[in-house]
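Where a number appears in this text, it was derived from the coordinates with a stated rule and is not lab data. The model shown is predicted, which means the values in this text are computed figures rather than measured ones.
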Amino acid sequence: MEKTFKVLSALLSYPDEALQKAAPELRTALDAEGLLPPESRRVLDALIEDIATGDLYDLQERYVELFDRTRSLSLHLFEHVYGESRDRGQAMIDLKSLYEQNGLYLSASELPDYLPVFLEFLATRPLEEARAQLSQPAHVLTALAERLHKRETPYEAAFQALAAIAGLAPDVPGVVVEGDDADPNDFAALDAQWEEEAVTFGPGATPSCKDRIVSQIRAGRRPAADAPKGVAP
């Protein structure tokens with residue numbers, strides 16, 4: 001298992017007291033594997049410190065406003081590929097099947113395209129396979145990194161780290177269109193925004209982008225002998 005993926009999964013999850021207390025263990029896990037280049041590690045350490053020392057209420061409020069109330073920052077990967085189209089349902093089924101064939105079983109409340117869950121899955125795979133899987137949603141990851149950079153939030157560091165692990169160039173062109181986000185405190189506007197047409201790629205993007213992701217997921221399926229039934233925390 002790759003501990004670095006578990007660290008990134010934890011950092012991108014809803015912050016709680018346990019995560020704050022785990023800061024030393026997170027740093028130790030990153031040190032043990034050494035997957036990250038110095039610059040990526042430096043900014044990720046800043047995110048860990050920010051979470052470890054921040055007021056928990058403020059941290060949770062920030063997380064909700066960024067990732068739950070801001071559509072263009074959703075941590076559900078297929079939201080940026082399919083929006084609410086019917087294709088998303090089949091993609092979810094395919095991804096969940098891939099997890100189960102490799103020994104990861106989700107609870108009824110977990111969606112397979114949630115980035116922290118995807119990273120938990122990658123933690124169970126050999127590093128080169130995990131890197132290949134991580135590169136598939138590269139356009140989504142780089143778009144999210146850019147959007148977080150514009151908002152001057154330390155969460156950008158997590159996406160910089162993912163790009164470094166996947167070997168992505170920092171200037172990979174984004175193909176996910178970012179529309180105007182509603183005011184996170186305007187719940188009526190938020191409801192209206194989430195009822196709009198799904199997020200789509202820009203006019204210059206090839207129409208096969210989302211199909212490429214699904215086809216690669218399907219091609220990557222393989223039975224996993226001796227795979228664990230779940231992912232240990």
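Based on a Kirkwood Rh over C-alpha pairs, give the Stokes-Einstein translational diffusion coefficient of the range 1-48 at 10 °C and viscosity 1.306 mPa s in µm²/s. Present the calculation step by step, with values, prior to reporting the outcome.
On the way: Rh = 10.9 Å.
Value of D from the Cα-based Kirkwood radius: 146 µm²/s.
How big is the range 1-133 in terms of Cα radius of gyration and Dmax, in angstroms?
Expressed in Å, the Cα Rg and Dmax of the range 1-133 come to 15.7, 43.
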